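Taking it in order: structure first as C-alpha cells, then the write-up.
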Amino acid sequence: MENEMQTVARHLGTAPVNLKAIFADLGIDYYERPLSSGESAWIERVGDRFSVVVNSTEGAARRHFSAAHELAHYLLHRDLMQIDGARMNRHKDWLYGAPEENPASPFTREHEVQANRLAAQIVMPGKLVREKFIEKPSVAELATGFGVSKAAMEIRLKTLGLAS
C-alpha cells in the first residue's frame, strides 16, 4: 500500500497540480465556501476524519496555495491536532494580521513555515517547474500555468536556483 507522500507524488506530473484529486485519494473532504474576513482556510479533524475548507471569496491562486498549505499540515502535522489527548476540532490559517492575532496553536510559527515550504513543493514541483522554465522562462506564464501568484513563482524559481 502506498503512503501519503507517494499518493501526492503521483499527482505532480502536470500543472496545475490537481489538489482536489489528491484530497480525494487521501480521503480528505475538500470544500470551498465563504469564510470570515481574512480567514484563508482551515483543516478540521473530527475523530479520524479530516476536512479542508478554503475561502471561496479569495482569488484562484490564493485558494490553490491555501489548499496546498492545509494539505501540508495534514501530511506533516496531523498528529499534533489533539489537545490533552482529545482530537482538536480545527486549525485556522489567516492571510493577514499580526502574529499575535494569527495564533498557530497547536502549531508553532515553524510549523507554518514548514507547511508553506511543502505547499510550494506540491503546487510547484521542482522537476516540472524546471521543465516548464526551459520551455518558457516567463514568470507570469509559469505562475498562470501552475495556478499560483507571480510572487510565489518568483520565490520558487529562486529556491530552485533558476532566478536570482
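Odds and ends about this structure:
- Taking every residue in the range 105-132 that is free of Cβ contacts under 8 Å to residues at least 12 places away in the same chain and under 13 Å from Leu75 (Cβ atoms) and pairing it with any residue that is surrounded by fewer than 18 Cβ atoms within 10 Å (Cβ to Cβ) and among the basic types (Lys, Arg), at least 6 positions away or on another chain, yields no pair with a Cβ-Cβ distance below 8 Å.
- Any chance Ala68 is surrounded by 14 or more Cβ atoms within 10 Å (Cβ to Cβ), assigned to a loop (DSSP other than H, G, I, E, B), out of contact with any Asp or Glu (no Cβ under 9 Å at 6 or more places or on another chain) and at pLDDT 95 or above: no
- Boolean, Val129 is outside any helix (DSSP H, G or I), surrounded by 14 or more Cβ atoms within 10 Å (Cβ to Cβ), among the aliphatic types (A, V, I, L, M) and under 21 Å from the mean Cα position of the chain (by Cα): no
- The range 14-28: number of residues that are out of contact with any helix residue (DSSP H, G or I) (no Cβ under 8 Å at 6 or more places or on another chain) and under 15 Å from Met124 (Cα atoms): 1
- Looking only at the range 13-32, residues that are over 19 Å from Arg49 (Cα atoms) and not hydroxyl-bearing (Ser, Thr, Tyr) come to 5 in all.
- Residues within the range 144-161 that are part of a loop (DSSP other than H, G, I, E, B), over 17 Å from the mean Cα position of the chain (by Cα) and surrounded by 17 or more Cβ atoms within 10 Å (Cβ to Cβ), tallied: 0
- The set of residues in the range 14-29 being more than 14 Å from the chain's Cα centre (by Cα) and surrounded by 19 or more Cβ atoms within 10 Å (Cβ to Cβ) consists of Ala15 alone.
- Single unsatisfied condition, Arg90 versus (1) exposed (fewer than 13 other Cβ atoms within 10 Å of the Cβ); (2) in the same structural domain as Ala9 (by TED's automatic domain parsing); (3) at pLDDT 95 or above: (3)
- Flag for Ile43 being farther than 19 Å from Ala120 by Cα, in contact (Cβ under 8 Å) with a residue 40 or more places away in the chain and not assigned by TED's automatic domain parsing to the domain that holds Ala151: no
One line per residue, one yes/no per condition, for (1) in a strand (DSSP E or B); (2) at pLDDT below 90; (3) among the charged types (D, E, K, R); (4) touching a Ser or Thr at 6+ places or on another chain (Cβ under 8 Å):
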| position | (1), (2), (3), (4) |
| --- | --- |
| Asp25 | no, no, yes, yes |
| Glu32 | yes, no, yes, yes |
| Ser36 | no, yes, no, no |
| Ala41 | yes, no, no, yes |
| Phe50 | yes, no, no, no |
| Val54 | yes, no, no, yes |
| Glu58 | no, no, yes, yes |
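The values are calculated or read from the model by the stated rules, or taken from the named source; none is laboratory data. Remember, it's a predicted structure, so these values are computed and weren't measured experimentally. Here the Cβ is made from the backbone with ideal geometry for all residues, glycine too, and neighbour counts use every protein chain on show.
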